[in-house]
Amino acid sequence: MVSSKLIKGAAICGIGAATAFIPAGLSVANAATVKTAAKKSGTFLGSAYMTHYGAVQVSVTVKNGKITKVNVPVYPTGTFRDQQINSVAIPLLEQEVMVAQSSNINNISGASFTAQGFYMSLVSALGKAGLK
């Protein structure tokens with residue numbers, strides 16, 4: 001049984017430390033370019049990123065440059081174990097984004113694959129919103 005408390009892992013600080021989360025086909029230079037776009041308001045859907053257990057996709061709602069809502073419409077649910085892990089990990093990741101107001105979030109131990117896919121989709125969504 002999954003404990004309701006997952007230990008937070010090391011902080012993901014900046015694009016340099018997040019290179020381990022950049023999948024094949026996306027270079028550090030491409031990921032870094034999302035920082036230069038103008039800030040927008042609206043709901044932005046990040047690209048879906050395939051993890052070992054399935055796709056993860058994040059959407060963010062931004063108003064006046066502030067993240068007001070984070071939603072994860074796509075994440076692995078194929079097995080009971082996926083459901084156990086993600087029922088705890090997804091709300092923690094969403095909360096991390098709301099507190100940080102950026103992609104500078106902590107990893108979730110025990111949900112590394114979901115956290116990786118979440119992070120990459122989040123960076124994509126925030127790039128569309130002109131945030132980092």
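Every number in this text was worked out from the coordinates using simple rules, so none of it is lab data. The model shown is predicted, which means the values in this text are computed figures rather than measured ones. Heads up, the Cβs are rebuilt from the backbone with ideal geometry, glycines too, and the neighbour counts pull from every protein chain shown.
Of SER59, SER41, the sequence from fewest to most neighbouring Cβ atoms within 10 angstrom is SER41, SER59. Highest average first, the peptides 111-121, 97-107 ordered by how many other beta carbon atoms sit within 10 Å of their residues are 111-121, 97-107. Packing, as the average of other Cβ atoms within 10 Å across residues, places the peptides 70-83, 45-58 in the order 45-58, 70-83, highest first. A cut-off of 5 Å between modelled amide H atoms, ignoring neighbours fewer than 5 places along the same chain, links ILE105 with ILE12.
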